[in-house]
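Notes follow once the structure below has been shown.
The values are calculated or read from the model by the stated rules, or taken from the named source; none is laboratory data. Because the structure is a prediction, the values reported are computed rather than measured. Because the Cβ atoms are built from the backbone with ideal geometry, glycine has one as well, and the counts that use them run over all protein chains shown.
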Amino acid sequence: MTTTALKRQFITDAEGNPIAVILPMEEFALVKDVLDQRDRTADEANKLAKMEQAAQDPLFMADLRETMSAFGEADAEWWEPTQ
């Protein structure tokens, strides 16, 4: 019976530069939490960047103003009822 020893395998680009690595599952398990956190952080950074861009987007701002105007009267009636 032969045993297979899995080792890291590096993936290279056309120039031979390492661009990725294939890990055995037990090594992947050691870094999985770090990779998951990195994905969440990148996703949060992308969301924040889109929010910052929205303030400069004339179509978004027009929609926001229209929505705020449409709900202004209803909000005033709900929170500040006339006597």
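Worth a mention:
- Qualifying residue in region 58-67 (condition: outside any strand (DSSP E or B), surrounded by 10 or more Cβ atoms within 10 Å (Cβ to Cβ), free of Cβ contacts under 8 Å to residues at least 40 places away in the same chain and among the hydroxyl-bearing types (Ser, Thr, Tyr)): yes
- Residues of region 19-29 satisfying the condition of being assigned to a helix (DSSP H, G or I) and surrounded by 10 or more Cβ atoms within 10 Å (Cβ to Cβ): Glu27, Phe28, Ala29
- Checked against (1) among the small types (Gly, Ala, Ser); (2) within 26 Å of the chain's Cα centre (by Cα); (3) loosely packed, with under 10 Cβ neighbours inside 10 Å, Gly16 passes all but a single condition, namely (2).
- Test: Thr4 is out of contact with any strand residue (DSSP E or B) (no Cβ under 6 Å at 6 or more places or on another chain), among the β-branched types (Val, Ile, Thr) and not in a helix (DSSP H, G or I): yes
- Meets criteria (touching a Leu at 6+ places or on another chain (Cβ under 9 Å), surrounded by 10 or more Cβ atoms within 10 Å (Cβ to Cβ) and at pLDDT below 85) for Leu6: yes
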